[in-house]
Each structure stands twice: as C-alpha cells, then as structure tokens.
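Notes follow once the structure below has been shown.
The values are calculated or read from the model by the stated rules, or taken from the named source; none is laboratory data. Just so you know, these numbers come straight off a predicted model, no measurement behind them. Every residue, glycine as well, gets a Cβ built from its backbone with ideal geometry; the counts of neighbours run over all protein chains shown.
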Amino acid sequence: MADLRDFAAKCVNPFPERQSDYHYPAQRLASEESGASPGDGMRAHAAGDALIKSVSLPNTKALQHLLDMGASPYSFAVEVAAMKNNQIALSLFFKHGWPVNKPLQDGAAPPVLHCAVSSEGLLSWLLKEGADPNVASNTDDTALSTAVQSGTPRAVRMLLYAGGNVRRGNLLHRALDRDSSWDVVEIIHLLISKGARIDEIEHASRPVLQKSCRLPEDRGTALHRACYLGKTLAVDTLLRHGANVYANQVRDDQRGTRYRTPIQVDKEEGYDEIIVLLEEAASGGGGLTRAHPIAFS
C-alpha cells in the first residue's frame, strides 16, 4: 500500500513539499472512527484524486497502474470518465469491480448510463456492455429520465429501443424541464406513443417519495407541471393527447390537504394563453391544438 500511496501522491501533486494541501480532515476522521490508521484515509483520498487525474488527462497507463496496485473505482471517478467520454477508463473500472448497473452517488443517481445521454456513441457502447436503461436511483429516476430531461431526442429513442420502460421515472414530468419547447413537444409525443400514462401523478408508484415532495409543481400530473412552468406548447400537446383538465394535484401545507386542477394552478401562476387553452379544452373548444396542429413522422 505504501507504493500505491506514493504513486498516487505523485499523480495528484508532483511537489512533495506541498502534499499537505491534499490531506482531508473529514476522510482522516472517518478512518479513525472505523479503527483504521489515520494514513488510510489519506491514502484513499490520494488514490481517488489520482484516479480522477488519470481519467481527465487522460493517462491510461497511470490509471491501469493505480487499479492494478489496489485503488478502487468509485462513483465520482466513474462519472468523470463518462463525462470525459473516456471509454477506456470505464472499461478498466468495469474490469476492476465497478458494476455497470450500480447506481451512482450512493443511490441518489441512476447508473453510469444516465451520464451518456448527450453522447450517442458512449450510450451505444454502454448498452453493448450490458447497461440496463431501467435501473433506477432511490428517487425512481432512470437513465431514460435523464435522457428525456436533457439528452438528445435520438438518445431517448435509443434507450426506448433498448427496452426503456416509459412507465418508470416520471418521464413526462422530466421532459418538461427541457429548454427547447419543440424538443419538449417531440419527446411528449414519443413517450405517449410508447405507452406513457398521460395523467399519471408524479411518483405515483412510490408513496414515500410522494410524501417528501414539497415544491409547488410536485405531486401533480404532467399537465399540472406544464401549467406551473408556463410551457404553452407542452400544455397544448398534452391536451391534444387527452390530458385531464380536471385531474387533482395533492398539496399538503399548514392549511391541510388541498387539491388543485391544472386550471387552478395556472390561474395562480398567471399564464393567460394557457388559461385560454385549458378553458377551451374543458368546454370542448379548439385552442392552439385545432388551430395549429402539430404533425410528427
């Protein structure tokens, strides 16, 4: 282990007189509490930093040497490798014990596949390596959740083709966070065509998560969220696909449990054009949907 410590320290900081800059009190404390020697925490941090450095440069020989000497792959190093599109590093991590379908950040994030939704080449490679698009984080998000939120439309289609489940991960809700209104419309149409439930309440399958939701836009349907965010085209698209304007969003606050329909949400937010769309849909009218139909291939 001394060799690993020395090699890792040189990878991270080539100036030994400044090595104290790379000591972490919290890590030392954790080592001491577990009964390990104080040096174990410093070795772990030096090795961890060296892994990151080797991935980022990239320096494959150094990375290989660190892993062969006993450095362990860990979540952040795996994420960095994916963000750097470093397939060689990821392959080495997998060979040295990191499961391709292990959730990241102690379960707070889906597996590494979700880091590749903006890189279709890496996404394809990970799928060939056995990545499962349906493995979820402890908040029920999957790689497909990330893809519909921030990935390319083609990445969404790739994950669907690989067996991505449209009834997991609150996909319609996540799609509404995309920047481009037309991207949102395309993704909504695609998800519904694949069987996504248009009026599903966020976290409907995870009551424990529902109870922890406290943001104004939480615990409603995708239509509730689109109204809250002021996404006019998304509202129109959801209505065109039959979204229920009378669906209830559950809100718990100091006044007790309250229920709000999408129209009530929008009146609170003040998006006049959306109010018109909702009221016309409620009365069977046309709105943007019939005046300006949106076609997809």
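One residue is enough: does region 191-207 have a residue meeting the conditions part of a helix (DSSP H, G or I), under 22 Å from R225 (Cα atoms) and touching a helix residue (DSSP H, G or I) at 6+ places or on another chain (Cβ under 7 Å)? Give the steps one after another, and end with the answer.
Start the filter on region 191-207 by keeping residues that are part of a helix (DSSP H, G or I), which leaves 191-193, 207.
So of that shortlist, the ones also under 22 Å from R225 (Cα atoms) come out as 191-193, 207.
Within this subset, residues satisfying the condition of being touching a helix residue (DSSP H, G or I) at 6+ places or on another chain (Cβ under 7 Å) are 191.
Among the residues of region 191-207, at least one is part of a helix (DSSP H, G or I), under 22 Å from R225 (Cα atoms) and touching a helix residue (DSSP H, G or I) at 6+ places or on another chain (Cβ under 7 Å), which makes the answer yes.
Cβ-Cβ distances below 6 Å connect the following pairs, each with a first residue in region 258-277 that is assigned by TED's automatic domain parsing to the domain that holds V245 and on the phi < 0 side of the Ramachandran plot, a second residue that is assigned to a helix (DSSP H, G or I) and polar (S, T, N, Q), and a separation of six or more residues or different chains: E273/T232; I274/T232. Scanning region 88-121 for residues that are within 15 Å of L57 (Cα to Cα) and within 20 Å of the chain's Cα centre (by Cα) yields a total of 1.
Which of the helices (runs of 4 or more DSSP H) found entirely inside region 62-149 contain at least 2 residues meeting this: under 29 Å from A222 (Cα atoms), in contact with a Ser or Thr (Cβ under 8 Å, 6 or more places away or on another chain) and at pLDDT below 95? Give the derivation first.
Working: elements: 75-83, 87-95, 120-128.
Where helices (runs of 4 or more DSSP H) fall fully within region 62-149, none carries at least 2 residues being under 29 Å from A222 (Cα atoms), in contact with a Ser or Thr (Cβ under 8 Å, 6 or more places away or on another chain) and at pLDDT below 95.
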